[in-house]
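The values are calculated or read from the model by the stated rules, or taken from the named source; none is laboratory data. Every value quoted in this text rests on a predicted model; they were computed, and no experiment measured them. Quick reminder, even Gly has a Cβ in these numbers, built from the backbone with ideal geometry, and neighbours come from all protein chains shown. The area values use the complete protein model at the heavy-atom level, side chains included, leaving out ligands, DNA and RNA. Shrake-Rupley method; radii C 1.70, N 1.55, O 1.52, S 1.80 Å.
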Amino acid sequence: MITVVVLSERLDAVLPAAALPALRAAKAVYAGEGVPLEFWSSLGVDGPAPAVVEDGAVVITTSADAYPDAQVITTLEPMGAALLDAAAVMHRLRSPGGCPWDAEQDHQSLRQYLVEETFELLEAIEDGDRAAMREELGDVLLQVLFHARVAAEDSGDPFDIDAVASELVAKLVGRHPHVFEGHDPAVHDATSQQHRWEELKQVEKRRESSVDGVALGQPAVALAAKLVQRTKRAGFPVDLLPEGDDTGTTLFAVTALSKLAGEDPETELRQVCRRFAANVREAEAKARAEGVESLTAEDWRRFLPS
C-alpha cells in the first residue's frame, strides 16, 4: 500500500508528525500535486510522483483525490484557519468588482443588522437549537468582519480585523494574569475572577466611576441590572437605590431585587414574554379551529392556556 501525506495549503512545507514513521520507512518519497519544487529538499522528496506509484512509497501532495486506495495522513489545520477564509471573502465582497450593496455600507447602515443578528443568536440559545446557534454565530461574526473591513477604509483612523483581534488578545491576556503569568493571589474561584476582571478593567481604562463603561443604550431592564451589579461591587448600600411609586422606579426596584438575588432579570422577563407569546398563538389557533376569527374578551379567557 502507498501512503499519501496531504499538506495544508496554509502551512507550506510543514509535515504532520503522524507522517514521520511512514516517511522513514518509505521505499521512495514523491511530490504530488501542489508541492512546489523549492520544498522538495526539506520534505525529503526523491522526485515527482510517477503515473503508477509502487507499494511502500509515500506521496506528499495537497490533494489525495488521485490515490483513492492509499493510506491518507492529513495535516491538521491550525485552530481558527477558517477565519482567514471568512476575512478573505469579506475583503472580496467589499473590494472593486465585489458586491455593490456591500460596497455601499458604512458603520451607521450596518447597525441594525448587528442588533438583529445578536437577538437572533440569543433566541437560538434560548431554544437550545444547535444548528441555529452555529448559523447565527456566523452571522454575528459577519458583522464583526464587515465593520472591521469598513474601518480599514477610514482615511482618518483606519484599523482592520487584525488590529481588532490583536487588541482582544492583549485584553484577554492582561485580564487573566492567573492564567498567563502563572499566579494571581486575588483569584481563587470564578467569583473572585469576576471581581478581579472589573478591577483590572477599571485600572486599564482609567475609569473614575464604578458605572463608567456601562452601555446606556442597552435595553432598560438589562441596563438597570448592570447598574445595580456595578454599584453593588462598589459597596453601594441597597437602601440608597431609587425608590418611588412611579412606573419607572417600580420597574427599577423589581429589576434590582432580581439582580441582587442572583438572577438575570432580562432573561427572566424574556422567558415570560416568550411563554406569553406562545400562549397567545395557541389560543388563536384553537379559536381558528373552532371557526372563531375575532376573539372577544370571553373567547380569550376560554382559549388561553391556564
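Taking every lysine pair in the chain that is 8 or more places apart or spans two chains, those with Cα atoms closer than 28 Å amount to 13. In this calculation the C-beta distance from Q108 to Q271 is compared with R0 = 35 Å, giving a FRET efficiency of 0.60. Here the contact order of the chain, divided by its residue count and restricted to Cα pairs under 8 Å and six or more residues apart, works out to 10 percent.
Leaving ligands, DNA and RNA out of it, report the carbon-plus-sulfur percent of the accessible area of the chain at a 1.4 Å probe.
57 percent
Counting only heavy atoms of the protein chains and using a 1.4 Å probe, R270 has close to 50 Å² of accessible surface. Model label sites at L122 and F236, defined 7 Å from Cα along the beta-carbon direction, differ in position by 2.1 nm.
Where a ≥ b ≥ c are the square roots of the eigenvalues of the C-alpha gyration tensor, would you call segment 82-140 rounded, which needs a/c under 1.5, or, failing that, prolate if a/b is larger than b/c, or oblate? Oblate, since a/c reaches 1.5 and b/c is not below a/b. In terms of the Cα gyration tensor, with a ≥ b ≥ c the square roots of its eigenvalues, is segment 236-287 rounded because a/c is under 1.5, prolate because a/b exceeds b/c, or oblate? The shape class here is oblate.
Find out how many positive minus negative residues lie around L145, taking Lys and Arg as positive, Asp and Glu as negative, among other residues whose Cβ is under 13 Å from that of L145. With Lys, Arg at +1 and Asp, Glu at -1, the neighbours total -3. Solvent-accessible surface of protein heavy atoms, probed at 1.4 angstrom with all chains present, puts M90, M133 in the order M133, M90, largest first. Can you compute the charge dipole magnitude of the chain about its Cα centre, using +1 on each Lys and Arg Cβ and -1 on each Asp and Glu Cβ, nothing else charged? Give it in debye, rounded to the nearest 20. Dipole of the chain, to the nearest 20 debye: 700 debye. When you restrict to C-alpha pairs under 8 Å that are six or more residues apart and normalise by the size of segment 223-306, the relative contact order lands at 24 percent. Between G56 and residues 5 or more places away or on another chain, which pairs have amide H atoms under 5 Å apart, with H built 1.01 Å from N, and which residues are they? The list, which skips near neighbours in sequence, is I2, T3. As a rough guide to protection, the peptides 58-68, 21-31, 174-184, 99-109 ranked by mean Cβ packing within 10 Å, highest first, stand as 58-68, 21-31, 174-184, 99-109.
If you sort E38, E120 by accessible surface, 1.4 Å probe, largest first, the order is E38, E120. In the full protein context, the chain carries 65 Å² of accessible surface per residue, based on a 1.4 Å probe and ignoring ligands, DNA and RNA. Could you calculate the FRET efficiency of A297 with A132 from 1/(1 + (r/R0)^6), where r is the beta carbon distance between them and R0 is 41 Å, rounded to 0.05? That pair, A297 with A132, gives E of 0.65. Only helices enter this figure: runs of n ≥ 4 DSSP H residues, each worth -39500 (n - 2.57), summed and divided by the residues of the chain, yield -17000 deg cm²/dmol at 222 nm to the nearest 500. Taking a ≥ b ≥ c as the square roots of the eigenvalues of the Cα gyration tensor, an a/c ratio of 1.5 or more together with a/b no larger than b/c marks segment 87-177 as oblate.
Rounded to 0.05, the FRET efficiency of the L168 and D46 pair, given R0 = 45 Å and the Cβ-Cβ distance, is 0.50. Among complete DSSP H helices in the chain, those whose alpha-carbon atoms stretch at least 27 Å along the helix's long axis and whose mean Kyte-Doolittle hydropathy reaches 0.0 are 130-151. Put +1 on the Cβ of every Lys and Arg and -1 on every Asp and Glu Cβ in segment 14-133; which of G128, Y113, S95 then has its Cα farthest towards the positive end of the dipole? Toward the positive end, the furthest listed residue is S95.
Positive contributions from Lys and Arg (+1) and negative ones from Asp and Glu (-1), summed over other residues with Cβ under 14 Å from the Cβ of V6, come out at -4.
Overall size of the chain from C-alpha positions, given as principal axis extents largest first: 86, 64, 44 Å.
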